[in-house]
Amino acid sequence: MRFLLSNDDGVHAPGLAAMAEVLAELGEVTVVAPDGERSAFSSALTLDRPLRPQRLDNGFIVINGTPADCVHVALNGLLDFVPDIIISGINAGANLGDDVIYSGTVAAALEGRFLGRPAIAVSLVAANARMLGIEAYRPAAARVGELLQRWPALELPPRTLLNINVPAGPLASHRGFRVTRLGHRAPSQDVLKLRDPRGHEVFWIGAAGDPLDNAEGTDFHAVHEGHVSVTPLDSDMTRYAVLDTVAAWLPAVTPSGS
Ligand code: MN
């Protein structure tokens with residue numbers, strides 16, 4: 001299998017290196033990743049300046065852009081092949097519930113939706129994930145490797161993405177895989193209102209809110225119980241259940257001139 005690997009923590013992140021190691025054992029891996037941290041960039045594309053790929057000594061390709069830029073450029077001219085799977089991560093920290101809306105990790109995987117094959121976003125659930133070295137990411141990478149070995153048996157519709165959250169800790173601490181739905185978070189913690197060194201007012205956005213819906217069956221619940229959470233996501237955000245409600249509410253429009 002030919003893998004395209006990206007992330008939102010930047011090309012030097014240990015989670016990226018750990019994932020690349022496992023992918024290299026399973027097939028050919030091409031890494032295209034941002035030149036610095038782009039967490040919470042969601043699907044942002046850079047349109048106001050050119051994107052310049054550079055190959056590092058370890059073979060990884062770095063781009064001065066966002067996670068979505070990396071995958072977009074990789075699939076549209078940078079690579080001379082079509083990857084079988086796009087993998088994003090391993091992110092330093094959870095992407096649970098409402099996190100997926102902001103996540104650059106999820107967005108990089110989502111950018112592969114035009115391939116017609118599912119993509120995978122992987123995150124390590126650890127409050128101190130940013131302080132951890134490559135060793136802490138290896139169990140999560142190994143879990144993704146297990147899933148990839150079963151990959152040919154998985155048939156999913158186009159535009160599907162698997163959002164995987166792996167609890168931190170050794171392999172022996174994982175209780176198994178669980179398919180989950182997204183939970184929900186409470187609103188973010190307070191925005192800090194500060195003064196910069198020159199006395200001007202500035203704001204610093206707070207951390208994600210605590211889980212609000214972490215009932216059994218959610219991604220929050222699964223990782224809390226020590227399971228590897230696997231949530232299938234759809235890039236189609238249509239709320240089908242309310243189409244009729246909105247249709248009944250829309251006013252009639254009299255054609256002009258009649
Ligand atoms: Mn990140």
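The values are calculated or read from the model by the stated rules, or taken from the named source; none is laboratory data. For clarity, every value in this text was computed on a predicted model and none was experimentally measured. Reconstructed Cβ throughout: ideal geometry from the backbone, glycine too, with neighbour counts over all protein chains shown. We work out accessible area using only protein heavy atoms, side chains counted, and drop any ligands, DNA or RNA first. Shrake-Rupley method; radii C 1.70, N 1.55, O 1.52, S 1.80 Å.
Label separation (Glu225 vs Leu156): 2.1 nm, computed from points 7 Å beyond Cα along the C-beta direction. In the frame of its principal axes, the range 44-99 has Cα extents of 34, 28, 23 Å, reported largest first. For the range 121-252, the alpha carbon convex hull comes to 202 Å³ per residue, rounded to a whole number. Based on Cα contacts under 8 Å between residues 6+ apart, the range 132-258 shows a relative contact order of 30 percent.
Pairs of Cα atoms nearer than 8 Å and 6+ residues apart set the relative contact order; for the range 16-72 it is 40 percent. Taking only the Cα atoms of the range 9-89, the ratio Rg/Rh comes out at 0.93, with Rh defined as the Kirkwood radius. Residue ranges 159-171, 204-216 sort as 159-171, 204-216 when ordered by packing (mean number of other C-beta atoms within 10 Å per residue, highest first).
Plainly put, the chain has a radius of gyration that is 1.03 times its Kirkwood radius, both from alpha-carbon atoms, as the Rg/Rh ratio. Rolling a 1.4 Å probe over the heavy atoms of the protein chains gives the chain an accessible area of 55 Å² per residue. Think of the range 1-119 as a dipole: +1 on every Lys or Arg Cβ, -1 on every Asp or Glu Cβ, centred on the Cα centre; then among Ala108, Leu26, Ile90, Ala108 lies furthest on the positive end.
Using the beta-carbon distance between Ala207 and Asn64 and R0 = 30 Å, what value does 1/(1 + (r/R0)^6) give for FRET efficiency, to the nearest 0.05? Write out the running numbers ahead of the final one.
Numbers: r = 27 Å, r/R0 = 0.91.
Approximately 0.65, to the nearest 0.05.
Of the peptides 101-108, 113-120, 188-195, 62-69, the order by per-residue mean of other Cβ atoms within 10 Å, starting with the highest, comes out as 101-108, 62-69, 113-120, 188-195. Please report the antiparallel percentage of DSSP beta bridges with both residues in the range 19-142, rounded to the nearest 5. About 20 percent, rounded to the nearest 5. Summing Cβ point charges (Lys, Arg +1; Asp, Glu -1) relative to the Cα centre of the chain gives a dipole of roughly 100 debye. Fully extending the segment from Glu28 to Leu194 would add 55.0 nm, taking 0.36 nm per residue of separation and subtracting the current Cα-Cα distance. Histogrammed with a bin width of 5 Å, the alpha carbon distances of the range 46-166 distribute as 2, 10, 19, 21, 22, 17, 8, 2, 0 percent, first bin at zero. Look at the alpha carbon pairs under 8 Å that are at least 6 residues apart: their mean separation over the length of the chain gives a relative contact order of 17 percent. With an a/c value of 1.5 or above and a/b larger than b/c for the gyration tensor axes a ≥ b ≥ c computed over the alpha-carbon atoms, the range 143-217 is described as prolate.
As a test, work out the antiparallel percent of DSSP beta bridges whose residues both lie in the range 103-258, rounded to the nearest 5. Given both bridge residues lie in the range 103-258, the antiparallel proportion sits at roughly 50 percent.
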